[in-house]
1. Could you list, in sequence order, all residues of segment 206-237 that are surrounded by 14 or more Cβ atoms within 10 Å (Cβ to Cβ) and among the acidic types (Asp, Glu)?
2. Give me the residue from segment 224-239 that is among the polar types (S, T, N, Q) and over 29 Å from the mean Cα position of the chain (by Cα) and, out of that set, nearest to residue 258 (Cα to Cα).
3. Can you report the number of residues in segment 99-133 which are charged (D, E, K, R), without any contact (Cβ under 8 Å) to a residue 24 or more places away in the chain and farther than 19 Å from residue 84 by Cβ?
4. So in segment 71-93, with the set limited to residues that are of a type outside the set (Ser, Thr, Tyr) and touching a residue at least 40 places away in the same chain (Cβ under 8 Å), which one is surrounded by the most Cβ atoms within 10 Å (Cβ to Cβ)?
5. Is it the case, given these coordinates, that residue 103 is in the same structural domain as residue 71 (by TED's automatic domain parsing), aliphatic (A, V, I, L, M) and in a helix (DSSP H, G or I)?
6. If only one of 145, 128, 154 is touching a Gly at 6+ places or on another chain (Cβ under 6 Å) and more than 21 Å from residue 62 (Cα to Cα), which one is it?
7. Report whether or not residue 117 is at pLDDT 75 or above, within 30 Å of residue 227 (Cα to Cα) and polar (S, T, N, Q).
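The values are calculated or read from the model by the stated rules, or taken from the named source; none is laboratory data. Computed from a predicted structure; not experimentally measured. Cβ coordinates were reconstructed from backbone atoms using ideal geometry, including for glycine residues, and neighbour counts include every protein chain displayed.
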Amino acid sequence: MTTPPEPPPPLAHPGGIDRGAFLVGLGSLLLIGGFVFALWKIAPAPPPDLGPEAHVLTVPLAVPDFALVDHTGARFDRDRLLGRWSLLFFGYTYCPDICPVTLQSLVPVQALLGEDSDTRIVFVSVDPARDDVDRMAEYVGFFDPAYLGVTGEPEQIAEGVPRAAAESGPHAHAITRWLGVDAPDHTPRTVSLDLDAPGWVLVCSDGLWNYCSEAGDVAALVTATSRSAGSEPLVLAEALVAWANAQGGRDNITVALARIGREMLPAGAPPP
């Protein structure tokens, strides 16, 4: 009795590679390649490099509902922003220098855009009590008839976002209102503060305050920074500015410090 011969091994691809495994591997590579190609096609393009004086917002901003009026008396709301680019500039018609200079500098920009452009320049008043529709029409028309002037009720202009959202938003910490001597409602204000313990008096701009707003947090920051940087006022102020820059530095950063010693306190102040 003879034993039947064993079946021959399966045919192999030249070079010793199994044909089935080769096809499976090739299919996997094609799937992976297609997936990578699809990701590449849908990935957003990197923001353009417009130089150090421009900031590209890579995260879209959600525009809340609003209802204002343009210089022709027509309603100006969020729908008017759809389908085109709008370059918004906030100011007021009684501004003696910055606003007219800016609007005049945008005239050649408007000319380059042309009449059929999908981009327009919108001047929004922050002084609606004086900048009514007629005033806005006269003002923007002086610079370029293609400009759009927008105003509204004071309550509408003043309406904003909650403080917490403004401080934590991805595009927070930017100057949004002019507070110079030519501000429309510039009224000097003074306050008095009775000191009852030695320490620091700190005056700062939004560049620091936006990142550290509560009084207790500011005190803790000054204490911790003085331990590492020292208690010399100028050095400590520079260290606080450096700290604000490290958080993002997206606003003007100004810090002034005055050290109050025990001998500067009024008589009868409690001990520290």
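1. The one that is surrounded by 14 or more Cβ atoms within 10 Å (Cβ to Cβ) and among the acidic types (Asp, Glu): 206.
2. First, pick out the residues of segment 224-239 that are among the polar types (S, T, N, Q): 225-226, 228, 231.
Next, from what is left, pick out any that are over 29 Å from the mean Cα position of the chain (by Cα): 226, 228, 231.
Values: 226: 13, 228: 18, 231: 11 Å.
Checking each candidate, the answer is 231.
3. The first filter runs over segment 99-133 and keeps only residues charged (D, E, K, R), leaving 115-116, 118, 120, 127, 130-132.
From the residues that got through so far, the ones that are without any contact (Cβ under 8 Å) to a residue 24 or more places away in the chain too are 116, 132.
Filter once more, keeping what is farther than 19 Å from residue 84 by Cβ: 132.
Residues that pass the stated criteria total 1.
4. 71
5. Details: in the same structural domain as residue 71 (by TED's automatic domain parsing): yes; aliphatic (A, V, I, L, M): yes; in a helix (DSSP H, G or I): yes.
It is true that residue 103 is in the same structural domain as residue 71 (by TED's automatic domain parsing), aliphatic (A, V, I, L, M) and in a helix (DSSP H, G or I).
6. Details: 145 fails: touching a Gly at 6+ places or on another chain (Cβ under 6 Å); 154 fails: touching a Gly at 6+ places or on another chain (Cβ under 6 Å).
Exactly one of 145, 128, 154 is touching a Gly at 6+ places or on another chain (Cβ under 6 Å) and more than 21 Å from residue 62 (Cα to Cα), namely 128.
7. No, not satisfied.
Yes or no, residue by residue, for (1) within 25 Å of the chain's Cα centre (by Cα); (2) outside the structural domain of residue 147 (by TED's automatic domain parsing); (3) over 14 Å from residue 146 (Cβ atoms); (4) not in a helix (DSSP H, G or I):
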| site | (1), (2), (3), (4) |
| --- | --- |
| 87 | yes, no, no, yes |
| 93 | no, no, yes, yes |
| 116 | no, no, no, yes |
| 121 | yes, no, no, yes |
| 127 | yes, no, yes, yes |
